[in-house]
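Engineer: Just passing along the structure, written as structure tokens.
The values are calculated or read from the model by the stated rules, or taken from the named source; none is laboratory data. All figures in this text were calculated on a predicted structure; none of them were measured in a lab. Here the Cβ is made from the backbone with ideal geometry for all residues, glycine too, and neighbour counts use every protein chain on show. Heavy atoms of the whole protein, side chains included, go into the accessibility calculation; ligands, DNA and RNA do not. Shrake-Rupley method; radii C 1.70, N 1.55, O 1.52, S 1.80 Å.
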Amino acid sequence: MIATTTTGRRRKPETFQLEEDPLWYKDALIYELHVRAFMDSNADGSGDFRGLIEKLPYLQDLGINALWLLPFYPSPGRDDGYDIADYNNVNPMFGSLGDVMQLVREAHRRGIRVINELVANHTSDQHPWFQRARRAKPGTAARDFYVWSETNQRYQDARIIFKDFETSNWTWDHVANAYYWHRFYSHQPDLNFDNPKVHEAMFKALDFWMEMGIDGVRLDAVPYLYEREGTNGENLPETHLFLKELRRHVDENFRNRMLLGEANQWPEDAVAYFGQGDECQMSFHFPLMPRLFMSIRMEDRFPIVDILAQTPSIPDTAQWALFLRNHDELTLEMVTDEERDYMYRAYTQDRLARLNLGIRRRLAPLLGNDRRRIELMNGLLFSLPGTPVLYYGDEIGMGDNIFLGDRNGVRTPMQWSADRNAGFSRANRQRLYLPVITDPEYHYETVNVEAQQGNPHSMYSWTKRLIALRKRHRAFGRGTLELLRPENRKVLAYVRRYESEQILCIANLSRFLQAVELDLSQWKGLVPVELFSSNEMPAIGDNPYFLTLGPHAFYWFAMQPRAAPSIQSDGAQPATALPEVRTAGGWESALVGEAKERLENILLGYIPQRRWFGGKAHMGAQRRRRRSRAAV
Ligand code: GLC
């Protein structure tokens, strides 16, 4: 869009400068989507890159600053694109390489970084490497691109992951006359990482996208790269050596890039994917996710506190990726048998919702479409240590369809409006890659972006405010965590601290009113300022701090010095801790791109807390306050 200046001259929209910051992922808000599911620009029933580019203003307005794209490469599509047939191309159904380049350019212009997928563990059986391998002579490099065996009895200690679909990790290939190894579907043969040519091929695949400007890469199924007899074939030392090699390669050749490991493992094993700061910069915290759901169901903070206690500290440059839901089932691999039984009982009234070792549901249906519980879960997601990853559609509380098979029920088209096909596509509705949600409770005619954008109280508007609030406080992305232990176990309380910022987060996990007494003695004399409203609470004194919390309420308080009169009698400013803005270049660099956005965010939070701003007699201040609230 070309904007017009007051003098009538047309000017180009401001180009967003991405900051030169190797730790950008710490302040990121990642939005996960499948190109196929987001927006169809050519009425063929499937989303595409042009559709996504058209919707970038929506994402920018929502406030996210990183986009994670599920696999969009040529593929037979038997595992929704995770069965790759060509690493360096685009599935023609979604567009062309030129479209991807344009997406990256346009996203960057809007301050959004782009993360794609490197599925290194396996390919599709249609990949030319596999077709060549099955015909190649045993012992040749071409054959050894994959893992072959004359028997199906090797590596018996490796578990079967897709246990609803596969009975063995070996499948017989009648062309090769041998078994091949696969940790997932039998049409996804595992690459053989003992073959150095496979390493080379992966480096090449990665370089291809990084040269195109991709900012980060999710390393799919990364624990399973190697197989060794007598082990479960997960997290092997060889895998970590490969990751160190990969990281070195990225650091030597590119700037400000990020590797995100998908390691569905217990905390101590997941932490290993950070290495000593020399493997992945980010890794998903899989065990925390189901425990958030357990805690809110049990109305007890124990599952969360327990898993956080089991989570070792991580290198300074490392960051957890936190999520509530994604494109897969809510996996229950990283819980005990008892916990799994509990989760199934609590969250799958309909048995059809179970899949493999998990539950195939979206966020809103999991939480009974209860707005309070959805907000609380997001409040935890946004304030626990890590970077939040949002799944497309959850910002409007989209429903799912457990009757669609595999994980398709959580991968239905994005709901833009009440128009035909939810505004997602102009195709004949029978042509859609999956039907839109028409369940009475989540029907696209009511649950859609357009309807919610018109309502300041909608899930969408609330999510947008939450995102804006989080972006104002770096403590959420970068701060330390200190758990408080009030006697009432239905209340979870912790402090996030970064530089001069200290934020107290409190959550009522119960559906009923709760009272809590917090020992805040180390903050004696400070004033908790509630972040959504900028309201000051009573100062912290000698006694335990007493609060009552409404059902599923959560609050974030900035711990601040008591507001002194804004101008002292001698004209000096009071000595309060001021937020700092650091810039790489001169002061002017604080007025462009991401730095400008950060400065604006700080001012939006800081100014309303000044006494002169709240002064009743000051009409200008009131007008500004109304505007600043409207802006968030
Ligand atoms: C990852 C993906 C999942 C896929 C599997 C096999 O777990 O998240 O969707 O099916 O890898 O590639």
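Engineer: Between the range 75-115 and the range 213-274, what is the separation of their alpha carbon centroids in Å?
Structural biologist: 22 Å
Engineer: I need two numbers for the range 148-207: Rg to one decimal and Dmax as a whole number, Cα atoms only, in Å.
Structural biologist: Values for the range 148-207 (Cα only, Rg and Dmax): 13.0, 37 Å.
Engineer: Shifting gears a bit: Once amide H atoms are placed 1.01 Å from N in the peptide plane, what residues at a sequence separation of 5 or more from Glu32, or on another chain, have their amide H within under 5 Å of its amide H?
Structural biologist: Trp68, Leu390, Tyr391, Tyr392
Engineer: For labels at Ala309 and Arg132 in the simple 7 Å Cα→Cβ model, what's the distance in nm?
Structural biologist: According to this spin-label approximation, the distance is 5.4 nm.
Engineer: Per-residue HN-Hα couplings for the range 229-239, Karplus 6.51 cos²θ - 1.76 cosθ + 1.60 at θ = phi - 60°, whole Hz, x for Gly and Pro?
Structural biologist: Going residue by residue, I get 4, x, 10, 8, x, 10, 6, 6, x, 4, 4 Hz, with x marking Gly and Pro.
Engineer: Then there's this: Please work out the FRET efficiency for the pair Phe254 and Arg228, using the Cβ-Cβ distance as r and a Förster radius of 22 Å; give the result to the nearest 0.05. List each step's numbers first, then the result.
Structural biologist: Details: r = 32 Å, r/R0 = 1.43.
Calculated transfer efficiency: 0.10.
Engineer: Do the sum for the chain: with -39,500 (n - 2.57) for every DSSP H run of n ≥ 4, divided by all residues, what is the mean residue ellipticity at 222 nm, to the nearest 500 deg cm²/dmol? If you can, show how the numbers build up before the last one.
Structural biologist: Working: 19 runs with 177 residues, N = 632.
Value at 222 nm, helices only, nearest 500: -8000 deg cm²/dmol.
Engineer: Moving on. Within the chain, what whole-number % of the accessible surface is contributed by carbon and sulfur, with the 1.4 Å probe and all protein chains included in the calculation?
Structural biologist: Values: 13180 of 26470 Å².
Solvent-exposed carbon and sulfur of the chain make up 50 percent of the total.
Engineer: Right, another one. Considering the convex hull of the alpha carbon atoms of the range 383-472, report its projected area averaged over all viewing directions, in nm², one decimal. Spell out each step's value before the answer.
Structural biologist: Working: hull surface 28.7 nm².
Projected over every direction and averaged, the Cα hull of the range 383-472 covers 7.2 nm².
Engineer: Could you order Ile359, Ile602 so the one with the most accessible surface comes first? Probe is 1.4 Å.
Structural biologist: Working: Ile359 0, Ile602 30 Å².
Order by accessible area, largest first: Ile602, Ile359.
Engineer: Charges only on Cβ, +1 for Lys and Arg, -1 for Asp and Glu: so what's the dipole of the chain about the Cα centre, in debye to the nearest 20?
Structural biologist: So the magnitude is around 2520 debye.
Engineer: Return the ratio Rg/(2.2 N^0.38 Å) for the chain, where Rg is computed over Cα atoms only. Write down the numbers at each step before the final one.
Structural biologist: Working: Rg = 25.5 Å, N = 632, 2.2 N^0.38 = 25.5 Å.
In units of the 2.2 N^0.38 Å rule of thumb, it is 1.00.
Engineer: Given the range 89-215, report the % of alpha carbon pairs whose separation exceeds 24 Å.
Structural biologist: Working: 3266 of 8001 pairs.
Across the range 89-215, Cα pairs with separations above 24 Å total 41 percent.
Engineer: Could you pull out the pairs from Lys26/Lys471; Lys197/Lys244; Lys490/Lys524 whose alpha carbons sit more than 19 Å apart here?
Structural biologist: Long pairs (Cα-Cα over 19 Å): Lys490/Lys524.
Engineer: Restricting the calculation to Cα positions, tell me the Rg (one decimal) and the Dmax (whole number) of the range 62-133 in Å.
Structural biologist: Taking only Cα atoms of the range 62-133, I get Rg and Dmax of 13.8, 47 Å.
Engineer: Kirkwood Rh, Cα Rg: Rg to Rh for the range 355-431?
Structural biologist: Details: Rg = 14.4 Å, Rh = 14.2 Å.
Here Rg/Rh amounts to 1.02.
Engineer: On to the next question. Given a 1.4 Å probe and the protein chains all in place, what does the accessible area of Ser461 round to, in Å² to the nearest 10?
Structural biologist: We get 10 Å² for Ser461.
Engineer: Given the protein chains as shown and a 1.4 Å probe, how many square angstrom of Asp269 are accessible, to the nearest 10?
Structural biologist: Per-residue accessible area (Asp269): approximately 60 Å².
Engineer: Compute the longest continuous run of the chain that contains no exposed chymotrypsin sites (Phe, Trp or Tyr not before Pro); treat a site as exposed when its DSSP state is not H, G, I, E or B and it has at most 14 other Cβ atoms within 10 Å.
Structural biologist: Answer - 166-511.
Engineer: Percent relative contact order of the chain, based on C-alpha pairs within less than 8 angstrom and at least six residues apart?
Structural biologist: Values: 1238 pairs, mean separation 71.2, N = 632.
After rounding, I find 11 percent.
Engineer: Please calculate how many Å² of accessible area the chain carries per residue, with a 1.4 Å probe and no DNA, RNA or ligand atoms counted.
Structural biologist: On the way: 26470 Å² over 632 residues.
Heavy-atom SASA per residue in the chain reads 42 Å².
Engineer: Let me ask you something else. ³J(HN,Hα) across the range 535-542 via Karplus (A = 6.51, B = -1.76, C = 1.60, θ = phi - 60°), whole Hz, x for Gly/Pro?
Structural biologist: 3J(HN,Hα) across the range 535-542, in whole Hz: 7, 8, 9, x, 5, 7, x, 7.
Engineer: For Glu200, Glu375, give me the order by solvent-accessible area with a 1.4 Å probe, most accessible first, ignoring ligands, DNA and RNA. Please list the in-between numbers first.
Structural biologist: Details: Glu200 110, Glu375 45 Å².
The ordering from most to least exposed comes out as Glu200, Glu375.
Engineer: How big is the accessible area of Lys204 in square angstrom, nearest 10, if you roll a 1.4 angstrom probe over the protein chains?
Structural biologist: Around 150 Å² of this residue is reachable by solvent.
Engineer: With +1 on each Lys and Arg Cβ and -1 on each Asp and Glu Cβ, and nothing else charged, work out how big the dipole of the range 385-491 is about its Cα centre, in Debye to the nearest 20.
Structural biologist: Details: 16 positive and 11 negative charges, 119 e Å.
Using Cβ point charges on Lys, Arg, Asp and Glu, the range 385-491 gives about 580 debye.
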